[in-house]
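Take a look at the structure below.
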Amino acid sequence: MTARPVALPLTLLAMLLSLMLLASDARAQPGPLVVEGAPGNVVELAVGKGGHEGSFFVRNTGNSSLPVRVRLATSDEDVRLPRGLSVTFENKVQNATLAPGEARKVQILWTPSQGRAREVYGHLALEVGGTVVHVGLHGELGTGASGFLARHILTVLLLLPLLTAVVALLSKLRDGGEKISRGIAVAHLALATWLLVNLERDFGRLDGNEGLQYMERGPVGPVEAYLGVDGASALVSWGLAATLLAGSFLLPGQALAVLSFSVAGLTMTAFCQDLAWVWAGWALGLGGLVWLGGKERLRVSGSLALLSLGALAALIVALRGAAGGMLLLSGHEVIPSLLLPALLRSNFLAPGQTLLGLPLAAGGWVLLCIGVLPLAGAWPGGGWLRGACSKPGSSLLAAGIVLAAIHTLLRLGAGVIPEGVVWAAPALSWGGAALVLVGGLGAWGEQVASTRGSWWMSVQVGFALVGLGSGTPQGLVAALWGVAMGALGWLLSCEKEPSWSGGLGGLVVAGIPGLAGFWGPALAWLGAVTRYPGAALLAALGWAAAVGAAVRGLQAGQGKGPWGAAVLLLVLGIWPGGGLRVLERWGLDYASYLYTPGPTWVAMRSPFPAGYGGRYGGDP
């Protein structure tokens, strides 16, 4: 039996299940009030004299007069739209009475200078008696070539790996295919870097658009695609692009094609705002893991993929049963909705909602951990990561999977079922600290240099759990940053022969001060020390052991190495602000889903914006 027959059906099944889950009940909004002049029930805002303007007409098709009130579908308590938006009838009032057959013009004005948003996706509401008719609206600042890139950057970043895969598969048929696929991978990394650099650093959920930037939203066949990016997903996208570029130099055509498909799937998990599409992305990514693992790793990789996809599918089904509704861009309500903003606003603590014998949020958290923690290597010695070091293809993909898994844990944990994170916070902190200690001590006893990095990687993953358990912005930032830098260091440490780059990678993933891998454990420890001082002490002991093992294991090496990666790790170790700043507002947003800001919260800029408040109150 080969890996190919397993991976392909797995991926096809993923796509089929995702489409079934996406086929929710889209409810139209019937009534005598008809919207005219808005194609697809969406108003496009264009540049006008006072800002970005748009308009449409509402007509009363009934036999009696209708009192109508127009307003934006947002509020101070539930911010959904950016600042600077207003909507009125053409005579600058929000209330009007329409006679039978009468039509009135509705005007929308967006003044982008009043807020930070460079685009807007949202809705306005037409209240008629006890019913509400919603109309979608969209506007953006960009024009010209840069505007086109800003409008479609996420789609391009999803499609370029697929194009790389096609070119890689055809490389055997035509000379020069390897250079073309390498060029596409370079362009992919360049665009991911452009996205990371051009993110508005201070843009958060209180600025509207659910805290997302460079959004793309619209119908794709029978379903609606909804893409968006924040600091965390931009960092994940960059890491995956770097993985693909490395693969374009190291892997032959077929292996590079499989890696490219997997990178596309893992990028979906970062950009897609629908839980079913996130699941489909994981199926595509793990299908590649099964393929690249080969015959000797088929049992491990296949079992890992089935366990993770099964647990995540069970989580989706459970949350779907209790999820609330969400508006499509067209204004039609979907009930239930698997959009992440809708799930965050759903009540998973209602009486009678249970899963695995626990409250739904707690049971959902357990399923989420079953689905992603094995992928992250949250096991002494890194679990399956030890075997992944044996082949360049599987090691590159493993690094991407670990990064995407931690991002999914943070995104779905704090961003969908924060009640589950709060419930599991003590176990997260103490369990993460124990993993750090075992990983540090295990690195001392590991005799094989190329697999010692897997023990160190479990140290970084353990600190990620400690950071999440702390519920602080610095803890959440540490979770993603530490794993991202640790994964890069782990890749360097996988070299079988002693080399300067392998030694540097070991120092990075072990978290030695002065290198990029240091800041993840440091910030996680800082987030946990006031709430769980015992766990913080335990983690510190494991960290010291890991650093000691890295220094003791240094060996002289020869040969060329990836100078670019080495310089990056050194620069980010000495000056991490450029990278951490990208994650700061994301960490603040996600921590605020858990708790109210307090004195143990550390950010690079202060004070915290007014309006941030967690569900439970009190500084953790």
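The values are calculated or read from the model by the stated rules, or taken from the named source; none is laboratory data. Please read these numbers as outputs of a predicted model, since none were measured by experiment. Backbone-built Cβ (ideal geometry, glycine too); neighbour counts: all protein chains shown. We work out accessible area using only protein heavy atoms, side chains counted, and drop any ligands, DNA or RNA first. Shrake-Rupley method; radii C 1.70, N 1.55, O 1.52, S 1.80 Å.
For segment 572-597, filtered to residues that are of a type in the set (Ser, Thr, Tyr) and not in a helix (DSSP H, G or I), the residue that is modelled with the lowest pLDDT is THR596. Inspection of segment 142-154 finds a residue satisfying the criterion of being part of a loop (DSSP other than H, G, I, E, B) and of a type in the set (Val, Ile, Thr).
Checked against the criteria, THR408 does not count as part of a helix (DSSP H, G or I), surrounded by fewer than 24 Cβ atoms within 10 Å (Cβ to Cβ) and of a type in the set (S, T, N, Q).
Just one of the numbered conditions (1) at pLDDT below 95; (2) within 18 Å of VAL416 (Cα to Cα); (3) of a type in the set (Phe, Trp, Tyr) is not true of PHE261: (2).
If the condition is being out of contact with any helix residue (DSSP H, G or I) (no Cβ under 9 Å at 6 or more places or on another chain) and either in a helix (DSSP H, G or I) or open to solvent by less than 10 Å² (accessible area, probe 1.4 Å) (or both), then segment 334-387 contributes only ALA342. When VAL132 is tested against (1) closer than 25 Å to ASP230 by Cβ; (2) open to solvent by 20 Å² or more (accessible area, probe 1.4 Å), only condition (1) is not met. Restricting segment 474-505 to residues that are assigned to a helix (DSSP H, G or I), at pLDDT below 90 and of a type in the set (A, V, I, L, M, F, W, C), the residue that is surrounded by the fewest Cβ atoms within 10 Å (Cβ to Cβ) is TRP500.
Among SER395, SER390, which is the only one that is of a type in the set (Ser, Thr, Tyr) and in a helix (DSSP H, G or I)? Result of the check over SER395, SER390: SER395. Any residue that is of a type in the set (A, V, I, L, M, F, W, C), open to solvent by 20 Å² or more (accessible area, probe 1.4 Å) and closer than 24 Å to LEU227 by Cα - is there at least one of those in segment 289-312? Checked segment 289-312: no residue is of a type in the set (A, V, I, L, M, F, W, C), open to solvent by 20 Å² or more (accessible area, probe 1.4 Å) and closer than 24 Å to LEU227 by Cα. Taking every residue in segment 507-530 that is under 16 Å from GLY553 (Cα atoms) and pairing it with any residue that is β-branched (Val, Ile, Thr) and open to solvent by less than 10 Å² (accessible area, probe 1.4 Å), at least 6 positions away or on another chain, the pairs with Cβ-Cβ distances below 9 Å are VAL509/VAL459; ALA510/VAL459; GLY511/VAL459.
Against the test of being more than 12 Å from the chain's Cα centre (by Cα) and buried (at least 24 other Cβ atoms within 10 Å of the Cβ), the options ALA283, ALA234, ALA246 yield a single qualifying residue, ALA283. Hey, could you check segment 32-64 for residues that are closer than 24 Å to THR111 by Cβ and assigned to a loop (DSSP other than H, G, I, E, B) and say which is most open to solvent (accessible area, probe 1.4 Å)? Checking each candidate, the answer is LYS49. For beta carbons closer than 7 Å, sequence separation of 6+ or different chains, a first residue in segment 577-598 that is over 19 Å from ALA528 (Cα atoms) and a second that is open to solvent by less than 20 Å² (accessible area, probe 1.4 Å) and not in a helix (DSSP H, G or I), the qualifying pairs are VAL582/LEU199; ARG585/PHE203; ARG585/GLY204. The set of residues in segment 186-208 being in contact with an Asp or Glu (Cβ under 7 Å, 6 or more places away or on another chain) and open to solvent by less than 20 Å² (accessible area, probe 1.4 Å) consists of GLY204 alone. For segment 65-78, the candidate set comprises residues that are open to solvent by 50 Å² or more (accessible area, probe 1.4 Å) and modelled with pLDDT of 90 or more; within that set, the residue that is nearest to VAL120 (Cα to Cα) is ARG71. Please determine whether any residue of segment 243-259 is touching a helix residue (DSSP H, G or I) at 6+ places or on another chain (Cβ under 7 Å) and within 25 Å of PRO473 (Cβ to Cβ). Scanning segment 243-259, I find no residue that is touching a helix residue (DSSP H, G or I) at 6+ places or on another chain (Cβ under 7 Å) and within 25 Å of PRO473 (Cβ to Cβ), so the answer is no. If you go through segment 440-473 and keep only what is open to solvent by 10 Å² or more (accessible area, probe 1.4 Å) and either hydroxyl-bearing (Ser, Thr, Tyr) or in contact with a Leu (Cβ under 8 Å, 6 or more places away or on another chain) (or both), you end up with SER450, THR451, LEU465.
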